[in-house]
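The values are calculated or read from the model by the stated rules, or taken from the named source; none is laboratory data. Source: prediction; values computed, not measured. A quick note on method: Cβ atoms are made from the backbone with ideal geometry, for glycine too, and the neighbour counts reach across all protein chains shown.
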Amino acid sequence: MKRFARTCFNKFNSPTLLHRYSARNIISSSEKDAVRNATREGPELSNGLNWGLSGKGVIVKEKVFQNLTALELLQKGATGIEHFVTVPFLARGHVGSGNLKITRAQFTKLLKQVSSHISSISELYVHDGAISSLLKCNAKVRVISDSPSSVLSLSKLLWRTSSRAVSHDTCPLTVYVASSISSSIGESLGIKGDIGFIATDTERSSLILCGKSFADANGIREAITALSEHIIISRGGLPLSAGLLVSSNLVMLLFAPEDILRNFSDILVSPEAGVVISSEGVSPLFQIGNSGQCVWKLPSVVIFASSDSSGTIPSISKLTPGQAAYHFLAGYQDGKFTPAYSKNSSVDPLELAKGLLSKLQENQISSFLINVNGGQTLKTGTNLVNLVQSALQENSPPFKVKGGDLKRKYKSFLSHKYKELPKEFLF
């Protein structure tokens, strides 16, 4: 009997038979979504969804609509956002250096108030998405909102994914949107006015948007990026504040300040910095409009844009992987340093630098340091591509500076910030 049981177990666990069995008897998540979309005349009344929302503190009062299309949201009364706003940003955990702080007790109280408000609304809207379109290295996101307008706005930021993927994810992010909540809710947190605010807690993987804050696209990107970074890293991805440039067969990562990135908008995949790199390839953190492509091959070139008007840094020079990690960690710009080229990362820049070093070594990716104030005309992406292609073909000289003053500045900054650097990190 035991032998028979083992035989049956092995038989039905063979990949071929499992595939055949699944194909005949199991409806795929995409097919379920198709069925759902085809019967969207009535409200979404999934018991599974209702249970999932109750687990997040939200009770469905009457109706809940899940993953409506843009057209359906407009039919429900959604309006597009013409003017972006900037609202106060409260954070618990390491989410940028310039944000207001919120305590655990304050966030807990706020979350209860927001959940209670959303539960009092007759029609709720749920949208499921992801940060990064890499299948194995993304972070799932569920938006629970009291208005179709906020969902329409947020759906333009998130990559598409199935509801099943979100509901079965081990650590999804949750975004609570209370656009119609009283403006007085912020008073206890020291926030005045009716424009709204953003509050986030990395420990809870939760983001709260009150009032009109769902129109603050930059603030939302910053908050969701910080919440998702550790999840992405745990799944083998490396989140980086870089621009993704693609020209013909050349895929490049560009680390540069925002104003420099804008110069190369003609070949930037996304106007916003932020990518995830893994063995699958490279993908922008956020959705890029209606583009059919969402994952590109691993970059063959990584560029670090440094601004130096003293003439100490050459126009372009080749870096070893260790030098690339060192310059990435410093992020030098005319006497100032921005580690990892990011002011808002929730991850230790040194850990990101180690991860970048590993990627460069494993995939033999070429690295260059470009001085954007070094006399080269780099006002368009085409100029940049031409410069890089010339450097690749002509074997650009290794990095070397005149004098030791700049090297001392780097060492002084990094030694003060980090007790010890890996031996591979070199100036």
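Check whether at least one residue in region 380-402 is touching a His at 6+ places or on another chain (Cβ under 7 Å), at pLDDT 85 or above and either assigned by TED's automatic domain parsing to the domain that holds Ile277 or of a type in the set (S, T, N, Q) (or both), and report yes or no.
no
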>> Checking the structure you have, find out if any residue of region 364-381 is over 26 Å from Gly311 (Cα atoms) and exposed (fewer than 14 other Cβ atoms within 10 Å of the Cβ).
In response: yes
> Ser270 is checked against (1) surrounded by fewer than 24 Cβ atoms within 10 Å (Cβ to Cβ); (2) at pLDDT 95 or above; (3) of a type in the set (Ser, Thr, Tyr) and fails just one. What number does that condition carry?
Replying inline: (2)
>> Considering only residues that are within 16 Å of Asn371 (Cβ to Cβ) and touching a helix residue (DSSP H, G or I) at 6+ places or on another chain (Cβ under 7 Å), which ones fall in region 319-331?
In response: Leu319, Ala324, Phe328, Ala330, Gly331
>> Under 8 Å between Cβ atoms, which residue pairs at least 6 apart in sequence (or on different chains) link something in region 40-57 that is exposed (fewer than 12 other Cβ atoms within 10 Å of the Cβ) with a partner that is at pLDDT 85 or above and of a type in the set (Gly, Ala, Ser)?
In response: Gly48/Ser167
> Tally time: how many residues in region 144-182 are polar (S, T, N, Q) and more than 20 Å from Leu124 (Cα to Cα)?
Replying inline: 1
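Based on this model, can you work out whether Phe337 counts as surrounded by fewer than 20 Cβ atoms within 10 Å (Cβ to Cβ), assigned by TED's automatic domain parsing to the domain that holds Asp259, within 25 Å of Glu420 (Cβ to Cβ) and among the aromatic types (Phe, Trp, Tyr)?
yes
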>> With the requirement that a residue be farther than 27 Å from Arg160 by Cα, aliphatic (A, V, I, L, M) and assigned to a loop (DSSP other than H, G, I, E, B), what does region 85-113 give you?
In response: Ile102
> What tally of residues in region 170-186 results from selecting those that are surrounded by 23 or more Cβ atoms within 10 Å (Cβ to Cβ) and modelled with pLDDT under 95?
Replying inline: 1
> In region 397-427, which residues are over 21 Å from Ser310 (Cβ atoms) and touching a helix residue (DSSP H, G or I) at 6+ places or on another chain (Cβ under 8 Å)?
Replying inline: Lys417, Tyr418, Leu421, Pro422, Glu424, Phe425, Leu426
>> Given (1) among the small types (Gly, Ala, Ser); (2) in a helix (DSSP H, G or I); (3) buried (at least 17 other Cβ atoms within 10 Å of the Cβ), identify the lone condition not met by Ser116.
In response: (3)
>> Looking only at region 375-406, count every residue that is among the hydroxyl-bearing types (Ser, Thr, Tyr) and in contact (Cβ under 8 Å) with a residue 24 or more places away in the chain and tell me the total.
In response: 3
> Residues Val151, Val85: which one is modelled with pLDDT of 95 or more, in the same structural domain as Cys210 (by TED's automatic domain parsing) and among the aliphatic types (A, V, I, L, M)?
Replying inline: Val151
>> With in a helix (DSSP H, G or I) and of a type in the set (Gly, Ala, Ser) as the only criterion, which of Ser180, Ser149 stands out?
In response: Ser149
>> Could you list, ordered by first residue, the pairs with Cβ atoms under 9 Å in which the first is in region 328-354 and within 24 Å of Ser205 (Cβ to Cβ) and the second is surrounded by fewer than 18 Cβ atoms within 10 Å (Cβ to Cβ) and among the aromatic types (Phe, Trp, Tyr), at least 6 apart or interchain?
In response: Pro349/Tyr418; Leu350/Tyr418
>> Of the residues Val246, Val302, only one is surrounded by fewer than 21 Cβ atoms within 10 Å (Cβ to Cβ) and not in a loop (DSSP other than H, G, I, E, B); which?
In response: Val246
>> Going residue by residue through region 361-375, is there one that turns out to be touching a His at 6+ places or on another chain (Cβ under 7 Å) and either assigned by TED's automatic domain parsing to the domain that holds Val269 or acidic (Asp, Glu) (or both)?
In response: yes
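Please find, among Thr170, Thr200, Thr225, the residue that is in the same structural domain as Gln75 (by TED's automatic domain parsing), among the polar types (S, T, N, Q) and part of a loop (DSSP other than H, G, I, E, B).
After ruling out the rest, the residue left standing is Thr170.
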> Can you pull out the residues in region 165-208 that are closer than 20 Å to Trp51 by Cα and touching a Leu at 6+ places or on another chain (Cβ under 6 Å)?
Replying inline: Leu173, Val175, Val177, Ser205
> Quick one: which of Leu240, Leu253, Leu209, Leu189 is farther than 29 Å from Arg104 by Cα and either crowded, with 18+ Cβ neighbours inside 10 Å or at pLDDT 90 or above (or both)?
Replying inline: Leu253
